[in-house]
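Undergrad: Sending over a structure as structure tokens; questions will come in a sec.
Nothing in this text is a laboratory measurement; each read-out follows from the coordinates by a stated rule. All values reported here derive from a predicted model rather than from experimental measurement. Here the Cβ positions follow ideal geometry from the backbone for every residue, glycine too, while neighbour counts run over all protein chains shown.
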Amino acid sequence: MKTANTISLTRMGWLLQYYWAFSKKTYLTAFLGLIGMIILAFQVVLFSNQGYLTFETGYVKEIFFIGYFVICLLWLGQSFLALRNPQNAKSYLMLPASIAEKYIVELSIKMAGLLFIYPLIFWIASNLGLGLFQLFGPIVFKNVTIDYVGVLEWKGIWLIENFGQQLLFIKLILLGLFALIPSLSWAGSLIFGKYNFIWMPFSLIVAYLAISATSIALSWIMDPGTLTLNGQVKYEILKVDQPELLPDTPLIIIMSAFWIWLAVVLSYVVAYFKLKEKQV
């Protein structure tokens with residue numbers, strides 16, 4: 001096929017039109033359903049908290065991150081829906097577009113939904129939920145104290161600040177973990193198909209254990225500690241704070257950040273070749 005290894009913005013525009021025609025009902029249903037769930041979540045929290053909810057209580061961020069995980073699982077984790085049905089799969093794979101174009105367009109739609117549309121929906125729905133409770137809450141509670149959700153102060157996401165020289169790598173690890181969830185969901189949509197919502201959380205646990213075990217083992221091999229009992233028996237133990245490759249930054253921290261981001265990148269690479277395999 002002439003388009004097999006080329007990228008055209010025109011064809012990508014046609015693909016966007018195809019996706020909208022094929023999935024617009026799904027997108028609109030998901031949009032309204034997400035708004036409803038966020039509003040409901042705020043009502044539950046407000047009623048259980050006796051009508052008191054401020055940004056400092058942490059509930060807003062908790063709801064946001066729970067929603068983030070759900071979106072990764074049900075939005076990115078259910079990508080390439082046309083491939084789930086043999087008839088639709090045949091039509092989709094025969095579209096006059098290269099593998100790269102199909103991959104880029106689908107990934108762009110999913111990432112736009114996660115990184116831009118979801119925060120906007122969350123802001124709208126959370127304030128609608130708070131407004132509804134502000135209106136009807138006094139019927140049940142005498143005092144209602146509510147802080148409406150403004151633009152999130154993203155520096156508040158980094159809950160751990162007192163790590164000295166390690167701070168950069170700690171933040172890389174935290175950011176990498178948030179990046180790993182959508183990347184595994186995306187890859188799982190092509191690998192596990194409709195059962196991705198079951199296998200993706202399991203894959204996340206396996207990835208976490210593998211990253212932790214590899215980093216710990218490497219640190220232990222390079223600089224094992226020795227524990228002596230009664231001056232005779234010696235045991236080799238892990239020294240979490242050694243060896244230090246950078247000032248106050250042990251190897252285990254650096255390697256954890258490296259393995260996490262490597263897993264993020266490899267997830268997208270594996271997903272691309274899985275799509276290419278289906279095209280063939």
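Undergrad: Filter the cross-link list 25/276; 110/274; 25/274; 61/142; 25/110; 102/278 down to pairs whose alpha-carbon distance in this structure exceeds 24 Å.
TA: Numbers: 25/276 27 Å; 110/274 17 Å; 25/274 27 Å; 61/142 26 Å; 25/110 16 Å; 102/278 12 Å.
Flagged as over cut-off: 25/276; 25/274; 61/142.
Undergrad: What's the extension gain from residue 10 to residue 148 if we count 0.36 nm per residue and subtract their Cα-Cα distance?
TA: 45.4 nm
Undergrad: On to the next question. Would you grab the residues whose amide H sits under 5 Å from the one on residue 145? Only those 5+ places off in sequence or on another chain, please, with H modelled 1.01 Å from N.
TA: Amide H neighbours of residue 145: 52, 53.
Undergrad: Quick one: if you stick a label point 7 Å off each Cα along the C-beta vector at residue 168 and residue 29, how many nm between them?
TA: 4.8
Undergrad: Residue 111 versus residue 65, label points 7 Å from Cα toward the beta carbon: distance in nm?
TA: For the pair residue 111/residue 65, the computed spacing is 2.3 nm.
Undergrad: R0 = 51 Å: FRET efficiency of residue 104 with residue 216, Cβ-based, nearest 0.05?
TA: 0.85
Undergrad: Among 259, 75, which comes first, then next, by fewest other beta-carbon atoms within 10 Å?
TA: Going from least to most buried by this count: 259, 75.
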